[in-house]
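The values are calculated or read from the model by the stated rules, or taken from the named source; none is laboratory data. Remember, it's a predicted structure, so these values are computed and weren't measured experimentally. Glycine gets a Cβ as well: all are built from the backbone with ideal geometry, and neighbour counts include every protein chain shown. Remember, those area values only see protein heavy atoms, side chains included, never the ligands or the DNA or RNA. Shrake-Rupley method; radii C 1.70, N 1.55, O 1.52, S 1.80 Å.
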Amino acid sequence: MTQLNETARALVAPGKGILAADESDSTIKKRFDSIGVESTEDNRRAYRDLLFTTEGAEQYISGVILFDETIRQQALDGTPFPKLLEQKGVIPGIKVDLGARPLANAEGETVTEGLDGLRDRLEEYRGVGARFTKWRAVITIGSGIPSEYAIWVNAHALARYAALAQEAGLVPIVEPEVLMDGDHTIERSFEVTSRTLHAVFTELRDQRVDPEGILLKPNMVLSGYSCPEQASHDEVAEHTLRCFYRHVPAAVPGIVFLSGGQSDEDATANLNAMNARGPHPWQLSFSYGRALQAPALKAWSGQEANVAAGQQAYYHRAKLNGAARDGSYREEMEREAVAA
């Protein structure tokens with residue numbers, strides 16, 4: 001077993017998943033604005049410290065995706081964040097793309113940038129403690145889109161990134177996100193996600209990326225968030241699994257779903273419904289940002305006196321998603337946090 005494969009498997013260890021704490025400056029500002037907290041470097045560091053030092057969270061969190069600022073920061077006790085995570089048995093990772101930009105000659109579609117200078121940046125990130133990486137491509141469903149052009153351009157960039165990450169000895173998380181904004185049906189989501197995954201794995205193979213040393217971070221196949229008919233958890237599980245069985249090689253160690261715009265509860269319940277239908281060729285896990293952090297952020301509200309409450313909320317959400325890893329999550333478990 002190669003080191004890449006060992007790291008990938010550790011990230012999808014049974015009962016565990018990944019915390020996505022790689023919000024860009026603009027995204028974290030929006031989240032801080034929602035609780036009336038100024039997005040300063042000190043406040044961002046204090047909030048990440050709250051998450052990373054939560055006692056017991058490592059039972060359910062295998063890795064953390066960091067932002068460029070965060071991987072260079074220190075905890076309140078002076079320990080660099082990557083070292084702090086390693087001491088808790090949590091694997092540090094890093095977001096390496098530079099965001100989606102308008103795609104030329106493709107109105108309403110984007111391509112993710114960041115390949116220029118990536119080899120050098122990967123070497124630097126490995127030097128400060130990163131062991132895996134993430135790159136996000138964005139595919140939009142709309143009138144006449146996505147085009148084959150947008151799908152394949154983004155798939156090509158994802159594969160170029162993944163090849164460079166493996167060359168640097170880092171596990172690439174490949175994130176082709178089909179956005180669920182809109183009124184499209186779950187059948188339309190299935191069709192677009194299928195086209196996207198086909199392109200991604202064609203490019204990964206053509207660019208000599210080892211499938212045993214990557215993780216896939218995709219969307220679940222959902223009804224568009226504005227669709228009048230919303231699919232049930234069982235319908236989401238059925239459509240998502242059918243799509244991934246068609247397109248994702250069994251050699252891939254794990255699929256770490258993103259939560260997108262789902263509620264915290266729906267993201268957990270949908271993952272649970274898929275694992276309840278297992279076993280599957282791959283580990284089905286999570287790589288959630290907002291769906292793990294939202295209750296903690298609200299409980300903390302920027303107040304030092306609320307750190308313990310924020311940590312309790314984060315721990316509870318991590319525990320519930322850990323339960324969803326083996327299909328043992330139940331709705332009544334949500335009430336435990338309220339009672340506490």
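Flag set for residue 187, criterion: more than 19 Å from residue 8 (Cα to Cα) and charged (D, E, K, R). Residues that are open to solvent by 40 Å² or more (accessible area, probe 1.4 Å), farther than 27 Å from residue 10 by Cα and in a strand (DSSP E or B) within the range 70-121 comprise 100, 101, 102, listed in sequence order.
Within this structure, residue 308 fails the test of being small (Gly, Ala, Ser) and either modelled with pLDDT under 95 or surrounded by 19 or more Cβ atoms within 10 Å (Cβ to Cβ) (or both).
Is it true that some residue in the range 135-152 is assigned to a helix (DSSP H, G or I) and either of a type in the set (D, E, K, R) or buried (at least 23 other Cβ atoms within 10 Å of the Cβ) (or both)?
Filtering the range 135-152 for residues assigned to a helix (DSSP H, G or I) gives 148-152.
Those left that are additionally either of a type in the set (D, E, K, R) or buried (at least 23 other Cβ atoms within 10 Å of the Cβ) (or both): 148, 151.
Within the range 135-152 (the criterion being assigned to a helix (DSSP H, G or I) and either of a type in the set (D, E, K, R) or buried (at least 23 other Cβ atoms within 10 Å of the Cβ) (or both)), the answer is yes, since at least one residue qualifies.
Within the range 245-269, which residues are outside any loop (DSSP other than H, G, I, E, B) and either over 18 Å from residue 326 (Cα atoms) or open to solvent by 70 Å² or more (accessible area, probe 1.4 Å) (or both)?
If we filter the range 245-269 for residues that are outside any loop (DSSP other than H, G, I, E, B), which is where we start, we get 245-247, 254-257, 264-269.
Passing the criteria: 245, 246, 247, 265.
Whenever a residue of the range 241-261 is touching a residue at least 12 places away in the same chain (Cβ under 8 Å), its partners that are basic (Lys, Arg) and open to solvent by 40 Å² or more (accessible area, probe 1.4 Å), lying with C-beta atoms within less than 6 angstrom and at least six residues away or across chains, give the pairs 253/9. Would you point out the residue of the range 285-340, among those that are of a type in the set (A, V, I, L, M) and closer than 16 Å to residue 14 by Cα, that is nearest to the chain's Cα centre (by Cα)? Looking at residues that are of a type in the set (A, V, I, L, M) and closer than 16 Å to residue 14 by Cα, I get 318.
Filtered by the rule that a residue be in contact with a strand residue (DSSP E or B) (Cβ under 9 Å, 6 or more places away or on another chain) and either of a type in the set (S, T, N, Q) or assigned to a strand (DSSP E or B) (or both), the range 272-297 gives 275, 283, 284, 285, 286, 287, 288, 293.
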